[in-house]
Amino acid sequence: MEDYIVSARKYRPSTFRDVVGQKSLTTTLKNAIWSGKLAHAFLFCGPRGVGKTSCARIFAKTINCERLTADGEACNECESCLSFNEQRSLNIHELDAASNNSVDDIRSLVEQVRILPQGNTKYKVYIIDEVHMLSQAAFNAFLKTLEEPPHYAIFILATTEKQKILPTILSRCQTYDFGRIKIEDIVEQLQYVASHENITTETEGLNIIARKADGGMRDALSIFDMLASFSNGNITYKSVIDNLNVLDYEYYFKITEAVLAGDVRHCLLLLNEILEKGFDGQNVINGLATHFRDLLVCKDPTTLVLFEVGSSIRDRYKETAEKCPVKILYDAISLTNQCDFEYQNSRNKRLLVELTLIQLCQIATGDGEVKKKD
């Protein structure tokens, strides 16, 4: 049996052009390499799974590449690139600060910095992942070396929690803030992986995966692998919502129709049906708030860029949005948001959600108004 490699590792980017959703940052890094204007310390910060460590490795490989391509990418053919790809390079060192965060670990790293690069390579690169996990004493031991390293040493620090890093460390680094990856970029990458793995997909299902991943490519690929196994290589919208415990859009449309008709009984019956399926009341309210928000942005062509559902359901949203007065959508978003705020402290959570649905029906028929929280 052939060894299985998870998609997050198998499709990990090996060049800057492969990095998903961070084009401005990768362009800046390539320009710095091409011009030879390299800082001695970099800080890559941002949410998990957005490409910080991958970019650090690509950067480390590219600055030592002996034959850069015309667009500033590593050639992946020279001895330096091959040694990196085969994990035998002596000039690129990685330290996981989550498990190596003591003063002794940093002192050992500082001792290594004194050794010149091996072979014909120009730089020695030190990648410290989860750098915010270093102890106070370890940070202090690292400070002097970070401020005045040898000309051949470059440090790349990666972290998900920039606020935990000492200001004295921050002031010595060139900072790159990685953002969450857009839903359309994640969907495009998942489609690319699916085509190479002979997995059939539905775009709306991939869109749900991308939303669930919350801007992280690694999380999206992990969910993708799980669903590919669950569905035997046929990822559909239904298989995704069933496996990820996501409420079907159809329920939100039914509730919206009942609210617009002022049909309280139908709203309560729909809520009961949803709760019996095992969904939490707060998830229902959160989903309903997002649904009303999506209907609102569909009202105006200029705000459609904020609309983040798949194209297959876009027409349904536009059609429903035409039936919803803007004032009702404003009030609906306010009410559902207020319900979400009060949910945790409520003793009767179901009654709170039911009351919110009743108020929504009253507002739609002109029998009630939203009471703003003080």
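State which residue pairs qualify: first residue touching a residue at least 40 places away in the same chain (Cβ under 8 Å) and inside the stretch 22-36, second residue among the aromatic types (Phe, Trp, Tyr) and assigned to a helix (DSSP H, G or I) in any location, beta carbons under 8 Å apart, and separation of 6 or more residues or different chains.
Leu29/Phe16; Leu29/Phe59; Lys30/Phe16
What number of residues within the stretch 13-42 are aromatic (Phe, Trp, Tyr) and either open to solvent by 70 Å² or more (accessible area, probe 1.4 Å) or under 22 Å from Ile169 (Cβ atoms) (or both)? Please lay out each step first, then the result.
Of all residues in the stretch 13-42, those aromatic (Phe, Trp, Tyr) come to 16, 34, 42.
Now narrow it down to the ones that are either open to solvent by 70 Å² or more (accessible area, probe 1.4 Å) or under 22 Å from Ile169 (Cβ atoms) (or both): 34, 42.
Residues flagged as aromatic (Phe, Trp, Tyr) and either open to solvent by 70 Å² or more (accessible area, probe 1.4 Å) or under 22 Å from Ile169 (Cβ atoms) (or both) within the stretch 13-42 amount to 2.
Consider Ile183 carefully, then state whether it is in contact (Cβ under 8 Å) with a residue 40 or more places away in the chain, out of contact with any strand residue (DSSP E or B) (no Cβ under 7 Å at 6 or more places or on another chain), open to solvent by less than 80 Å² (accessible area, probe 1.4 Å) and among the β-branched types (Val, Ile, Thr).
In short, yes.
With the requirement that a residue be under 16 Å from Ala39 (Cα atoms), surrounded by 17 or more Cβ atoms within 10 Å (Cβ to Cβ) and of a type outside the set (S, T, N, Q), what does the stretch 129-175 give you?
Selection gives Leu146, Pro149, Ala153, Ile154, Phe155, Ile156, Leu157, Ala158, Ile169, Arg172, Cys173.
Check the stretch 54-64 and report whether any residue there is more than 20 Å from Tyr152 (Cα to Cα) and crowded, with 18+ Cβ neighbours inside 10 Å.
Yes - at least one qualifying residue is present in the stretch 54-64.
Please go through the stretch 9-54 and pick out each residue that is in contact with a helix residue (DSSP H, G or I) (Cβ under 6 Å, 6 or more places away or on another chain) and assigned to a helix (DSSP H, G or I).
Phe16, Thr26, Leu29, Lys30, Ile33
Kindly provide the set of residues from the stretch 87-102 that are open to solvent by 80 Å² or more (accessible area, probe 1.4 Å) and not in a loop (DSSP other than H, G, I, E, B), ordered by number.
Glu94
Show the residue pairs that are 6+ apart or on different chains and have beta-carbon atoms under 9 Å apart, the first residue being within the stretch 196-213 and open to solvent by 80 Å² or more (accessible area, probe 1.4 Å), the second being in a helix (DSSP H, G or I) and among the small types (Gly, Ala, Ser).
As it stands, the answer is Glu202/Ser239; Glu202/Ser312; Lys212/Ala220, since those pairs meet every condition given.
Return yes when Ile313 is buried (at least 19 other Cβ atoms within 10 Å of the Cβ) and either modelled with pLDDT of 90 or more or of a type in the set (A, V, I, L, M, F, W, C) (or both) and no when it is not.
no
Between a first residue in the stretch 270-282 that is closer than 15 Å to Asp340 by Cα and touching a residue at least 40 places away in the same chain (Cβ under 8 Å) and a second residue that is of a type in the set (Phe, Trp, Tyr) and open to solvent by 70 Å² or more (accessible area, probe 1.4 Å), which pairs have beta carbons less than 9 Å apart while being 6 or more apart in sequence or on different chains?
So the pair list comes out empty.
Identify all residues within the stretch 67-86 that are assigned to a helix (DSSP H, G or I) and either within 28 Å of the chain's Cα centre (by Cα) or surrounded by fewer than 16 Cβ atoms within 10 Å (Cβ to Cβ) (or both); write none if there are none.
Glu79, Leu82, Phe84, Asn85
Does the stretch 220-235 contain any residue that is in a helix (DSSP H, G or I), of a type outside the set (D, E, K, R) and over 22 Å from the mean Cα position of the chain (by Cα)?
Within the stretch 220-235, one or more residues are in a helix (DSSP H, G or I), of a type outside the set (D, E, K, R) and over 22 Å from the mean Cα position of the chain (by Cα).
Hey, could you check the stretch 156-183 for residues that are touching an Asp or Glu at 6+ places or on another chain (Cβ under 8 Å) and more than 26 Å from Val113 (Cβ to Cβ) and say which is modelled with the lowest pLDDT?
Top of the filtered list is Ile183.
If you go through the stretch 222-229 one residue at a time, do you hit one that is out of contact with any helix residue (DSSP H, G or I) (no Cβ under 7 Å at 6 or more places or on another chain), open to solvent by 30 Å² or more (accessible area, probe 1.4 Å) and modelled with pLDDT under 90?
Yes, some residue in the stretch 222-229 is out of contact with any helix residue (DSSP H, G or I) (no Cβ under 7 Å at 6 or more places or on another chain), open to solvent by 30 Å² or more (accessible area, probe 1.4 Å) and modelled with pLDDT under 90.
Just to check your reading of the model, which residue among Leu270, Leu295, Leu247, Leu260 is under 27 Å from Ile186 (Cβ atoms), in a helix (DSSP H, G or I), touching a helix residue (DSSP H, G or I) at 6+ places or on another chain (Cβ under 7 Å) and open to solvent by less than 60 Å² (accessible area, probe 1.4 Å)?
Among Leu270, Leu295, Leu247, Leu260, only Leu295 is under 27 Å from Ile186 (Cβ atoms), in a helix (DSSP H, G or I), touching a helix residue (DSSP H, G or I) at 6+ places or on another chain (Cβ under 7 Å) and open to solvent by less than 60 Å² (accessible area, probe 1.4 Å).
Say whether the condition of being over 24 Å from Val125 (Cβ atoms), of a type in the set (Gly, Ala, Ser) and part of a helix (DSSP H, G or I) is met by at least one residue in the stretch 140-160.
no
Can you name the residue in the stretch 118-128 that is touching a residue at least 40 places away in the same chain (Cβ under 8 Å) and not β-branched (Val, Ile, Thr) and is also least open to solvent (accessible area, probe 1.4 Å) among such residues?
Checked the stretch 118-128; the qualifying residue least open to solvent (accessible area, probe 1.4 Å) is Tyr123.
The values are calculated or read from the model by the stated rules, or taken from the named source; none is laboratory data. The structure displayed is predicted, hence computed values, not measured ones. Here Cβ is always computed from backbone atoms with ideal geometry, including for glycine, and neighbour counts include all displayed protein chains. When the accessible area is computed, the model is the full protein with side chains, heavy atoms only, and any ligands, DNA or RNA have been set aside. Shrake-Rupley method; radii C 1.70, N 1.55, O 1.52, S 1.80 Å.
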